[in-house]
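Notes follow the structure.
Every number here is computed from the coordinates shown, using simple stated rules; none is lab data. On a predicted model such as this, the values are computed, not experimentally measured, just so you know. In this analysis, Cβ positions are derived from the backbone assuming ideal geometry, glycine residues included, and neighbour counts consider all displayed protein chains.
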Amino acid sequence: MLRNSGGVSRLDILDWLKDPAAHFPPQRHADLAEDGVTVRAVAAKLGVSRRVAGAHLGLLARLGLLRTKRIRYRVHYRRDEIRIAEVARMFEKGW
C-alpha cells in the first residue's frame, strides 16, 4: 500500500485529515472536523480526478482508516483515530 506513488498520496490524505480545516476550504453543508471532506475537495488538493481521489479514499475506508458519512448527496471522509492507533500498534509490535 505504501511503496508506490499512490501510497504517498494516501499518506498525504491521512495527514491532511488530521487537521482538515488547515488543508481544505470550508464546506457549505458540513463541518470539516466533525463530518470530514468530500472526494471533490481531496481531488482538488491532490490535483487528480475525482475518480482517482475516490479510489484512494475508498481503499482507506475499506481498510478502516477512514469513516464515511453521507450528507445530502455527498459522502464525507474523516479519520478513524482509534483504528489508526490500532494499526500503528500492530506495526510497532513487528506485526
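Annotations
- Proximal lysines relative to LYS69, as straight alpha-carbon distance under 21 Å, when same-chain residues fewer than 8 apart are discounted: LYS18, LYS45
- Computed lengthening from LYS93 to LEU14, 0.36 nm per intervening residue step minus Cα-Cα distance: 26.3 nm
- Each Lys and Arg adds +1 at its Cβ and each Asp and Glu adds -1 at its Cβ; summed about the Cα centre, the stretch 5-92 shows a dipole of about 540 debye.
- Diffusion of the chain by Stokes-Einstein, at 10 °C in a medium of 1.306 mPa s and with Rh set to the Kirkwood radius over alpha-carbon pairs, works out to 117 µm²/s.
- Mean sequence separation of contacting Cα pairs (under 8 Å, at least six apart), scaled by the length of the chain, corresponds to a relative contact order of 24 percent.
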